[in-house]
Amino acid sequence: MAAPIPTLSIAEEANATTTLGRRSVFDMMRLDGKVAVVTGGAGGLGFAMCEGLCSAGLAGIAIFDLVTDMGEMACQQLREDYGVDARFYRLDVRDENQVQACMDASVEDFGKIDILICSAGVADLVHAEEYSAAKFRRVIDINLNGTFYCAQAAGKHMIAANNGGSIIFIGSMSGTIVNWPQPQCAYNASKAGVIHLMKSLAAEWATHHIRCNSISPGYMDTPLNSSFADTLFGEWKSRTPMGRLGKPEELAGAALWLASPASGFCTGSDIIIDGGYTAI
């Protein structure tokens, strides 16, 4: 096992959030000595959030993803750009045994887990009356069940270490409203489940000093959405008050704040970042 990476104790971290008069607020958002695990971190929104955490001095980061080539390249880029110890672990989040094994391996390699971002997810555009049970189950298994397996496995390590932690769930505005016109009932249902799972774990694990929050993006300009550029982008932009799609890096600040001591009294909250879509 690697030598433990120094970090603040729960008491020291709590005290750090009450001394703003003697510290810069930017100091409170530092992640020096922290270790993060990011599922779905090989690209898109997940990788953008990896970069956000690494830019704040993260000591180590584990990327869990199904795509090996992208995962290895993402880790190489993080090592080169930020000097962070970045390692890739191939994982299908639907397999709870794989999840536990990867989480155990990352703790063996890094010594601990301070931060988990559950970003792995998929979406299908299928009319409800035509949705096969297998396709519907796949979306729920990845987006909701896989998120629970990852949170549970990381939570076990955080509880055993008795040093708290921050778990950030990636929900969606689709978990709050039904975005139109695309048919995606499985995705919407899965993200509503993710948000309520987050709230449930926030209440249950607060006694262990584990904070659970979620980020719910609106329409984002990602490779996953690029296939809709010629068909749905115009519709999405017209329904968004800011008149554009979000950029992946525009989630990084929220992820960093939730991961850091700066958000020490925030748990059970869903932060919607959607350009105003759900405001109207």
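If you go through the stretch 25-44 and pick out every residue that is surrounded by fewer than 24 Cβ atoms within 10 Å (Cβ to Cβ) and assigned to a strand (DSSP E or B), you end up with 1. Candidates are the residues of the stretch 206-233 that are out of contact with any Lys or Arg (no Cβ under 8 Å at 6 or more places or on another chain), of a type in the set (S, T, N, Q) and in contact (Cβ under 8 Å) with a residue 24 or more places away in the chain; the one that is nearest to Ile167 (Cα to Cα) is Asn213. Considering every residue within the stretch 229-241, establish whether at least one is touching a strand residue (DSSP E or B) at 6+ places or on another chain (Cβ under 9 Å) and among the charged types (D, E, K, R). There is no residue in the stretch 229-241 that is touching a strand residue (DSSP E or B) at 6+ places or on another chain (Cβ under 9 Å) and among the charged types (D, E, K, R).
Restricting Phe47, Phe64 to those that are closer than 23 Å to Gly164 by Cβ, aromatic (Phe, Trp, Tyr) and either modelled with pLDDT of 95 or more or not in a helix (DSSP H, G or I) (or both) reduces the list to Phe64.
Here's the yes/no breakdown for (1) more than 17 Å from Met158 (Cβ to Cβ); (2) in contact with a Pro (Cβ under 8 Å, 6 or more places away or on another chain); (3) buried (at least 16 other Cβ atoms within 10 Å of the Cβ):
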residue	(1), (2), (3)
Ile195	yes, no, yes
Lys199	yes, no, yes
Thr207	no, no, no
Cys212	no, no, yes
Ser226	yes, no, no
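Considered as a group, the residues in the stretch 69-127 that are small (Gly, Ala, Ser) and outside any helix (DSSP H, G or I) include one that is surrounded by the most Cβ atoms within 10 Å (Cβ to Cβ), and that residue is Ser119. Restricting Leu201, Leu251 to residues that are under 19 Å from the mean Cα position of the chain (by Cα), in a helix (DSSP H, G or I), closer than 30 Å to Asn162 by Cα and free of Cβ contacts under 8 Å to residues at least 60 places away in the same chain narrows the list to Leu201. Scanning the stretch 163-172 for residues that are among the aliphatic types (A, V, I, L, M) and surrounded by fewer than 21 Cβ atoms within 10 Å (Cβ to Cβ) turns up nothing. Going through the stretch 234-248 one residue at a time, which ones are part of a helix (DSSP H, G or I), surrounded by fewer than 16 Cβ atoms within 10 Å (Cβ to Cβ) and in contact (Cβ under 8 Å) with a residue 24 or more places away in the chain? Scanning the stretch 234-248 gives a single hit, Glu235.
The values are calculated or read from the model by the stated rules, or taken from the named source; none is laboratory data. Remember, predicted model here, so these are calculated numbers, not experimental data. Note that we place each Cβ from the backbone using ideal geometry, even for glycine, and neighbour counts take in every protein chain shown.
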